[in-house]
Amino acid sequence: MTLRAPAPWIVVGDTVKCIDHGHRYLVARVHNSSFKPEANQGNAQLIAAAPDLLAFAERIARLPPHGEYVDLIDEARAAIAKATGDRP
């Protein structure tokens, strides 16, 4: 069971929204008056990319551990754990 809003996530102003069945739902509002607007925008874009980045890390984590890729697979598993709240 997925415990997060369905993808895709998009940036709309200072908010991140998911699109589900043609409707937009709020995922996050990114606003900090001590940051420049460009920083708030960058944070919103990073949050909106989270589902795609998680899916990519999950693909990497499924690779067979081999030589130079072992560290990359371990890093992907750690990123997945951080994103999902699970242990690596």
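Read the figures in this text as sums done on the coordinates, not as results from a lab. Just so it is clear, the model here is predicted, and its values are computed rather than measured. Glycine gets a Cβ as well: all are built from the backbone with ideal geometry, and neighbour counts include every protein chain shown.
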- Item | Residues located in the range 16-30, provided they are surrounded by 13 or more Cβ atoms within 10 Å (Cβ to Cβ) and outside any strand (DSSP E or B) | Val30
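State whether the residues of the range 59-67 include one that is basic (Lys, Arg) and exposed (fewer than 13 other Cβ atoms within 10 Å of the Cβ).
yes
Among the residues of the range 38-70, which ones are in a helix (DSSP H, G or I) and more than 21 Å from the chain's Cα centre (by Cα)? Show your work before the answer.
If we filter the range 38-70 for residues that are in a helix (DSSP H, G or I), which is where we start, we get 38-61, 67-70.
Scanning the range 38-70 gives Gly67, Glu68, Tyr69, Val70.
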- Query: Which residue pairs have Cβ atoms closer than 8 Å, lie 6 or more positions apart in sequence or on different chains, and pair a first residue in the range 36-63 that is over 11 Å from Val16 (Cα atoms) with a second residue that is of a type in the set (Val, Ile, Thr) and part of a helix (DSSP H, G or I)?
  - Reply: Leu54/Ile80; Leu54/Thr84; Ala57/Ile80; Glu58/Ile80; Ile60/Ile73; Ala61/Ile73; Ala61/Ile80; Leu63/Ile73
